[in-house]
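The values are calculated or read from the model by the stated rules, or taken from the named source; none is laboratory data. Note that the structure is predicted; figures quoted are calculated from it, not measured. Virtual Cβ from ideal backbone geometry, glycine too; neighbours counted across all protein chains shown.
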Amino acid sequence: MSINPVLFDLGPKKPTTRDVANVVRLGGTEALTEAERRADQARYQEVTCRSALNHVKGMPFEWSLNPYRGCTHGCHYCYARRYHAQQFEMDADDEFASVILVKKNFVEVLRQELARPSWNKEYVVIGAATDCYQPIEGHYKLTRGALDALLQARNPTGLITKGPMIVRDRDLLLALSKTVACTVCISVPTVDEHAWQLLEPGTAPPAQRLRALRELVDAGINAGVLMNPIVPGLTSSWSKLERTVKAIADHGAAFVGCNVLFLEAGTRVHFMKFLEREFPAWLPRYEKLYEKKYAPLDYRKQVQGMVRLLQKRYGLNKRRYAKDDETPKGAAIAEPTTEADPPEQVGFRW
């Protein structure tokens, strides 16, 4: 970063994420003068990380790895948008998808952490916040390096992605599967083309993701699909859910899981702006449905119940490593008692 009379000079060493936050707070993202703009028009700022392993709460796992922060996939519903605002002083709108932080020393730090005597080889999930196979991974290969480090450490691993690039690393994923345990979750919220184009503007088409799933399954890797999130009104109708679950089954998924959309902090503000622009008539309905972070429990039970019914119809298991979406302990998931005449949209009329 160049010397600026207002901002401090970070020198030749790559800045930390805290340094980046300080610079952005004082001068905005334009002050990130070392951020390289690439052909996708996003700017990539290399940073150094002090730690690679991230302890998480409120997830069905306790440790995650995120080699990149920010994501050019730009999914409008992404819960990680709020972190860009909370942690890096950037906005949860355009800057989430256009200013990406690359943890240049990520693999080296991870190897050191995995080698510590105090590390108990706990289950680690890659890509829980931002996608580890977004296009820039083709250049930096940090996710591949992380998989190799986890393989060498014989550490149980999970991975979540929308990126078909994952097939590049099926050799490491298969080796992990044979050595310890490895579960791959391909994110395919819907196969509906219109909903995909609206909600996930920077992602590969759902059909490409499902072809990647098939390649992984055929290679002997435990791979399935997360239909996360199911978006009320856009992807939640019976017909769209059935087309999606059927496509997932047709591509050999070992399991399928689903969450209903939740909205909080920066993500909520961004998503409501998206609705106001694309579906202004829906805004009052969403404000009613999402008076809190989550849609009402009855609505979530009904949507999940439709998915469970479709899982049974097409011979799919629940996802194996995760809890049901935000369902209180002891609460049953409602399921229709018959397959006849399923509701087109339950719980929330559009």
Query raised in the report: Given the structure, is residue 153 modelled with pLDDT of 95 or more, in the same structural domain as residue 249 (by TED's automatic domain parsing), small (Gly, Ala, Ser) and over 23 Å from residue 237 (Cβ atoms)?
Result: no
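Being within 21 Å of residue 238 (Cα to Cα) and either under 21 Å from the mean Cα position of the chain (by Cα) or assigned to a helix (DSSP H, G or I) (or both) is the filter here, so list the residues in the stretch 262-289 that pass it. Lay out the reasoning, then the answer.
At the first step, the residues of the stretch 262-289 found to be within 21 Å of residue 238 (Cα to Cα) are 262, 279, 282, 285-286, 289.
The answer is 262, 282, 285, 286, 289.
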Query raised in the report: What pairs come up if the first residue lies in the stretch 154-172 and is over 13 Å from residue 142 (Cβ atoms), the second is of a type in the set (Lys, Arg) and not in a helix (DSSP H, G or I), and their beta carbons are under 8 Å apart, counting only those six or more places apart or on different chains?
Result: 154/121; 155/121; 156/121
**Report entry** Residue within the stretch 175-191 that is touching a residue at least 40 places away in the same chain (Cβ under 8 Å), assigned by TED's automatic domain parsing to the domain that holds residue 307, part of a loop (DSSP other than H, G, I, E, B) and in contact with a Gly (Cβ under 6 Å, 6 or more places away or on another chain) present
**Finding:** no
Query - Residue ranges of helices (runs of 4 or more DSSP H) in the stretch 1-119 with at least 3 members closer than 30 Å to residue 152 by Cα and at pLDDT below 90 - result: none
Report summary line: Per the filter on the stretch 248-261, residues surrounded by fewer than 19 Cβ atoms within 10 Å (Cβ to Cβ) and in a helix (DSSP H, G or I) are 249, 250
Query raised in the report: Of all the residues that make up the stretch 171-203, how many are out of contact with any Asp or Glu (no Cβ under 7 Å at 6 or more places or on another chain), surrounded by 19 or more Cβ atoms within 10 Å (Cβ to Cβ) and of a type outside the set (Phe, Trp, Tyr)?
Result: 18
Query raised in the report: If you check residue 276 against the conditions, is it surrounded by fewer than 16 Cβ atoms within 10 Å (Cβ to Cβ) and free of Cβ contacts under 8 Å to residues at least 40 places away in the same chain?
Result: yes
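Which one is surrounded by the fewest Cβ atoms within 10 Å (Cβ to Cβ), of the residues in the stretch 128-143 that are hydroxyl-bearing (Ser, Thr, Tyr) and modelled with pLDDT of 95 or more?
Kept after step one, since they are hydroxyl-bearing (Ser, Thr, Tyr), are these residues of the stretch 128-143: 130, 133, 140, 143.
Applying the additional criterion that residues be modelled with pLDDT of 95 or more yields 133, 140, 143.
Values: 133: 26, 140: 18, 143: 29.
Restricting to residues being hydroxyl-bearing (Ser, Thr, Tyr) and modelled with pLDDT of 95 or more, the top hit is 140.
Going through 146, 212 one at a time, which residue ends up being in a helix (DSSP H, G or I), closer than 23 Å to residue 57 by Cα, small (Gly, Ala, Ser) and modelled with pLDDT of 95 or more? Spell out the reasoning first.
On the way: 212 fails: closer than 23 Å to residue 57 by Cα.
The match here is 146.
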